[in-house]
Amino acid sequence: MAVVKVSLIDALREHFGFDSFKGNQEIIIKSILAGKDTFVIMPTGGGKSLCYQLPALMSPGCALIVSPLIALMKNQVDLVRSYSSKDNVAHFLNSTLSKAQIKKVRTDLLAGKTKMLYVAPETLTKQENLDFFKELEISFIAVDEAHCISEWGHDFRPEYRRLKEMIEQINGNLPIIALTATATPKVQSDIVKNLGLRDPQVFLSSFNRPNLYYEIRPKRKKDQTIREIVKFIHQHKGKSGIIYTLNRKTTEELADMLVANNIKAVAYHAGLDAGTRAQRQDMFLHEDVDVIVATIAFGMGIDKPDVRFVIHYNIPKSLENYYQETGRAGRDGLEGICVCFYSYKDVQKLEHLMRDKPLSEREMGAQLINETVAYAESSACRRKVILHYFGEKYEESQCNNACDNCRNPKEKIEVKNRVVIVLNA
Ligand code: ADP
Ligand code: MG
Ligand code: ZN
């Protein structure tokens, strides 16, 4: 039989219908196909999934994809299936499946029909699963959202720490691909160390999001802030936006206020039951509402390309969180406005939330908060501060006035009555 050599671009067209690769995708895929441990650091929306999905489709056997959130797994699998004519090309295996569903997944895997299996880290803690995987032909392991392995990341998950040990039980020689959208140099070295990446090929994309406009506004009284937000939304009528708040109660209050002001809005937080959460997320995705007022429980992996603004009603607990959360705006490359309200009172609230944590965690948390405060109080280019945080060189002359400080240079910033007053030059 003649061996038909398919070029990567042909494979891309065939499997996904895209005409070209984005950013570093092609060279990353080559590294994975060559069986090398690979570390991909690429901003949200950059197209990380395709980096493992295409090689998974092109390799013999099935790729195991570790993903932290059970809720997102179904979305991802549905998305993969939507590109293929065969539903069994991708499956997920987690605690939400019935016995019969698990059986179907296993049958497809054993028959070699499945190219991608999404698993939660918990799935790998079950010995019977590990034993089953040992019998399969696995092409490689992809660890998505790899920053979850680090306490310095914005979403530490202790189960990620055990991944290496579990992967070794399946087969110590499997290539490992780690992917993340946010990794400061500290988080990067944690990932390499904890996953035991062997001389990995590292692909670091720029974190700059030129289409996002960053702005800090002093937060004064509650009614005043809400009035500002209502005015902002009215100025962007019919556009999709996310408002992040620190606590659940505020999401409800704020959503009610917006509704009272003729804005289609819903609240979203982890205190709602799963059905309500899924329903509200869908309302936002399908544009039955324009604005979702949420705690950080909302957003990870949400792929709505035309979110036009992200407002932080409270300052986030780290710059990395801020980057991640604002990163949900303008994924389609068009305008994205990121406004963060800042008051020292909110900083104290964040500190208060950590009061019962062990000392080491409090110290770590305090350092992250201090970096955010420095960002908020800085008169330097916002983009420059953010990118330096990720270890990237950047000159403010490149910002193109796409932040408040470049647009309206400030002479000084004073902290008065715990409220930051910004004096324009
Ligand atoms: P990430 O995981 O890096 O945040 P995703 O993998 O979710 O990003 O991809 C973001 C979007 O980019 C998706 O809608 C995806 O379909 C799209 N995409 C990825 N690669 C390409 C490509 N080569 N051409 C066009 N669109 C792409
Ligand atoms: Mg992703
Ligand atoms: Zn700037």
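Overview of results
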{"read-out": "Set E128, E137, E228: member being at pLDDT 95 or above, more than 16 Å from ligand 2 (Cβ to nearest atom), more than 30 Å from R331 (Cα to Cα) and acidic (D, E)", "value": "E137"}
{"read-out": "Test: residue in segment 80-93 that is closer than 30 Å to E361 by Cα and charged (D, E, K, R)", "value": "no"}
{"read-out": "Count - residues of segment 162-185 that are within 30 Å of R331 (Cβ to Cβ) and more than 14 Å from ligand 1 (Cβ to nearest atom)", "value": "5"}
{"read-out": "Condition check for S85: in a loop (DSSP other than H, G, I, E, B), away from ligand 2 (no atom under 16 Å from the Cβ) and within 18 Å of R13 (Cβ to Cβ)", "value": "yes"}
{"read-out": "Answer residue from segment 32-50, given it is in contact with an Asp or Glu (Cβ under 9 Å, 6 or more places away or on another chain) and at pLDDT 95 or above and is surrounded by the most Cβ atoms within 10 Å (Cβ to Cβ) among those", "value": "K48"}
{"read-out": "Where G61 falls short, out of the listed (1) farther than 16 Å from V119 by Cβ; (2) in contact (Cβ under 8 Å) with a residue 12 or more places away in the chain", "value": "(1)"}
{"read-out": "Matching residues, segment 280-303, being surrounded by fewer than 17 Cβ atoms within 10 Å (Cβ to Cβ) and either of a type in the set (D, E, K, R) or closer than 18 Å to K249 by Cα (or both)", "value": "D282, E287, D288, A297, D303"}
{"read-out": "Inter-residue pairs, beta-carbon under 6 Å, first touching a residue at least 24 places away in the same chain (Cβ under 8 Å) and in segment 392-409, second within 16 Å of ligand 1 (Cβ to nearest atom) and not aliphatic (A, V, I, L, M), 6+ apart", "value": "E392/F207"}
{"read-out": "Qualifying residue in segment 237-260 (condition: β-branched (V, I, T), loosely packed, with under 15 Cβ neighbours inside 10 Å and either farther than 22 Å from R217 by Cα or touching a residue at least 40 places away in the same chain (Cβ under 8 Å) (or both))", "value": "no"}
{"read-out": "Any hit, segment 264-277, residues being away from ligand 1 (no atom under 16 Å from the Cβ), closer than 30 Å to C399 by Cβ and of a type in the set (D, E, K, R)", "value": "no"}
{"read-out": "Members of segment 114-145 found to be in contact (Cβ under 8 Å) with a residue 60 or more places away in the chain and within 16 Å of ligand 1 (Cβ to nearest atom), listed by number", "value": "M116, A142, V143, D144, E145"}
{"read-out": "Considering residues of segment 1-31 that are of a type in the set (G, A, S) and assigned to a helix (DSSP H, G or I) only, the residue surrounded by the most Cβ atoms within 10 Å (Cβ to Cβ)", "value": "S31"}
{"read-out": "Residue, nearest to ligand 2 (Cβ to nearest atom), within segment 24-40, restricted to residues that are in contact with a helix residue (DSSP H, G or I) (Cβ under 7 Å, 6 or more places away or on another chain) and farther than 17 Å from K115 by Cβ", "value": "V40"}
{"read-out": "Candidate set: segment 69-88, residues that are surrounded by fewer than 21 Cβ atoms within 10 Å (Cβ to Cβ) and in contact with a helix residue (DSSP H, G or I) (Cβ under 7 Å, 6 or more places away or on another chain); chosen: the one farthest from K304 (Cα to Cα)", "value": "N88"}
{"read-out": "Hits in segment 20-40 (condition: within 24 Å of T184 (Cβ to Cβ) and near ligand 1 (Cβ under 10 Å from one of its atoms))", "value": "K22, G23, Q25, V40"}
{"read-out": "Residue count, segment 46-56 (criterion: more than 11 Å from T114 (Cβ to Cβ) and away from ligand 2 (no atom under 11 Å from the Cβ))", "value": "2"}
{"read-out": "Residue that is nearest to the chain's Cα centre (by Cα), among those in segment 217-246 that are charged (D, E, K, R) and assigned to a loop (DSSP other than H, G, I, E, B)", "value": "K239"}
{"read-out": "Residue list for segment 126-149, restricted to those being surrounded by 14 or more Cβ atoms within 10 Å (Cβ to Cβ) and assigned to a helix (DSSP H, G or I)", "value": "N129, L130, F132, F133, A146, H147, C148, I149"}
{"read-out": "Members of segment 247-284 found to be in contact with a strand residue (DSSP E or B) (Cβ under 9 Å, 6 or more places away or on another chain) and part of a loop (DSSP other than H, G, I, E, B), listed by number", "value": "I263, K264, H269"}
{"read-out": "Single match in I177, I191 (criterion: over 28 Å from F341 (Cα atoms), in contact with a His (Cβ under 8 Å, 6 or more places away or on another chain) and in contact (Cβ under 8 Å) with a residue 24 or more places away in the chain)", "value": "I191"}
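To keep it simple, each residue is scored yes or no on (1) farther than 26 Å from M364 by Cβ; (2) hydroxyl-bearing (S, T, Y); (3) in a helix (DSSP H, G or I).
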| residue | (1), (2), (3) |
| --- | --- |
| E151 | no, no, no |
| E159 | no, no, yes |
| K164 | no, no, yes |
| I170 | yes, no, yes |
| I177 | yes, no, no |
| D190 | no, no, yes |
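The values are calculated or read from the model by the stated rules, or taken from the named source; none is laboratory data. Everything quoted here is computed from the prediction, not taken from an experiment. Positions of Cβ are backbone-derived with ideal geometry, glycine not excepted, and every protein chain shown enters the neighbour counts.
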